[in-house]
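Structure first, commentary second.
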Amino acid sequence: MADIVDTRTHAAAALERACETLSRGVPVAIPTETVYGLAADATNPLAITRIYEMKGRPRFNPLICHMTDLAMAEKHAVFDPVSRALAQAFWPGPLTLVLPIRPESAIHPLARAGLDTVGIRVPAGFASRLLEAFDRPLAAPSANTSGRISPTTARHVADDFTDKLELVLDGGPATVGLESTILKVEGDTIRLLRPGGLDVAEIERVAGRRVQRNEKAGAAIEAPGMLASHYAPVAPVRLNASDVKPGEVLIRFGGKPLPGEDTAALVLDLSPAGNLAEAATNLFGYMKRADATGAGSIAFSPIPETGLGEAINDRLQRAAAPRG
Ligand code: TXA
Ligand code: MG
């Protein structure tokens, strides 16, 4: 079983252990405000290979590289003015920008899956302290087995990887709870490669223009992690439920009871008050709790498509997609 070190009570020890482990090319699970990441030295090909192996992740799916700040990011990627303005507005935070890689960047091509672009994010909290101490970019996908639900607690990570992992840093439950929003600026167009923890409406307000959604499924190849069934619990998922079948788990929203709740295996409410940010924070943990009951299926009541509801519904649709 992995060692779990609490970053809130043992910050210095956590930093020291993490830097030592990362320096050996061994991945470390770290807290970020979005979800827990499986971090490794982005310049070390062996370390990156280990991430792919531990996750069972297809090698064509590039990793997000985490940086201390915009200044570090500018050393590795070429920023257009719109990307720079978005970085200034939202970093540190749940925003990933896909940018052209600089030829002199030490980020290893394996981390980029051979692409001439790199996905960059500046995380908040303990991850940023670790980046400062390690002083090198950290490649970090979500710390889950490929295709499974992203972890929002240290316990989720430790349970998923068991003895495959040496060290998990525990920073408490992730505050955002959904992966970052991924954008790529192309000329005058801001393309949304993945809806996530940063509301698109906020991006549009800062950018002063509309963000373009991927209209066709094939376009998702640009963010390969967006393909096929993803974020899937073990049990089949039923969306937009208007009732609950006996023995099902119900995950509802907004405090609205559904017919059949009395014979459900478990009833959870993502946000009784109808707050979408709270719902986002709870989503993955509730899916895991639903799975832990061993119920035959999980029913979700409808979630509004506004604000963070867009990213929540995106994850739900992937959870409900036919399994590959
Ligand atoms: O919030 C997050 O983004 C978390 C935390 C740990 O930072 N990370 C995360 O990583 O969700 P992951 O690997 O699960 O998802 C990364 C996504 C994938 O869909 C990948 O295809 C896309 O980012 N991506 C990374 N680099 C890219 C690039 N150069 N071009 C297009 N998409 C890229
Ligand atoms: Mg992931």
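Rolling a 1.4 Å sphere over the protein heavy atoms, what is the accessible area per residue of the range 73-188, to the nearest Å²?
Per-residue accessible area for the range 73-188 comes out at 37 Å².
Mind telling me which of LEU115, LEU308, LEU138 comes out most flexible in a GNM of the chain, alpha-carbon contacts under 10 Å?
LEU115
Putting +1 on Lys and Arg Cβ atoms and -1 on Asp and Glu Cβ atoms, find which of ILE149, ASN214, ILE64 reaches farthest to the positive end of the dipole of the chain.
About the Cα centre, the residue reaching furthest to the positive side is ASN214.
Within the chain, what's the longest run with no GluC sites (Glu not before Pro) in a DSSP loop and at most 16 other beta-carbon atoms within 10 Å? Give the range, please.
1-103
Rounded, prolate or oblate for the range 9-130? Axes are the square roots of the Cα gyration tensor eigenvalues, ordered a ≥ b ≥ c, and the cut-off for rounded is a/c under 1.5.
Verdict is oblate for the range 9-130.
Taking the Cα of ASP159, stepping 7 Å toward and past its beta carbon, and measuring to each backbone N in the range 275-293: which are under 13 Å?
284-293
Go through the range 29-123 and name the trypsin sites (Lys or Arg not before Pro) that are in a DSSP coil and have 16 or fewer other Cβ atoms within 10 Å of their Cβ.
Filter output for the range 29-123: ARG59.
In the chain, what percent of the accessible surface is made up of carbon and sulfur (1.4 Å probe, ligands and nucleic acids excluded)?
54 percent
What is the range 116-190's relative contact order, in percent, from Cα pairs under 8 angstrom and six or more apart in sequence?
Taking the mean separation of contacting Cα pairs over the length of the range 116-190, I get 20 percent.
Using only the Cα atoms of the chain, construct the convex hull and provide its projected area averaged over every direction, in square nanometres to one decimal.
15.8 nm²
As a test of the formula, what do you get for the chain when each DSSP H run with n ≥ 4 contributes -39,500 (n - 2.57) and the sum is divided by the residue count, at 222 nm and rounded to the nearest 500 deg cm²/dmol?
The helix contribution divided over the chain gives -9000 deg cm²/dmol.
Percent relative contact order of the chain, based on C-alpha pairs within less than 8 angstrom and at least six residues apart?
Relative contact order for the chain comes out at 19 percent.
On average, how much area does the Cα convex hull of the range 268-323 cover when viewed from any direction, in nm²?
3.9 nm²
Starting from the Cα of CYS19, step 7 Å along the direction of its Cβ; do the same at VAL211; then give the gap between the two resulting points in nm.
Distance between label points: 3.5 nm.
Could you list the trypsin sites (Lys or Arg not before Pro) in the range 251-324 that lie in coil according to DSSP, counting only those with at most 13 other Cβ atoms within 10 Å of their Cβ?
Listed in order of number, the matching sites are ARG323.
Compute the acute angle (0 to 90°) between the alpha-carbon long axis of helix 276-292 and the principal axis of greatest extent of the alpha-carbon atoms of the chain; round to the nearest 10°.
On a 0 to 90 degree scale, this one is about 70.
The values are calculated or read from the model by the stated rules, or taken from the named source; none is laboratory data. Values in this document were obtained by computation on a predicted structure and should not be read as measured data. For neighbour counting, all protein chains shown are included, and Cβ atoms are generated from backbone atoms with ideal geometry for every residue, glycine included. We work out accessible area using only protein heavy atoms, side chains counted, and drop any ligands, DNA or RNA first. Shrake-Rupley method; radii C 1.70, N 1.55, O 1.52, S 1.80 Å.
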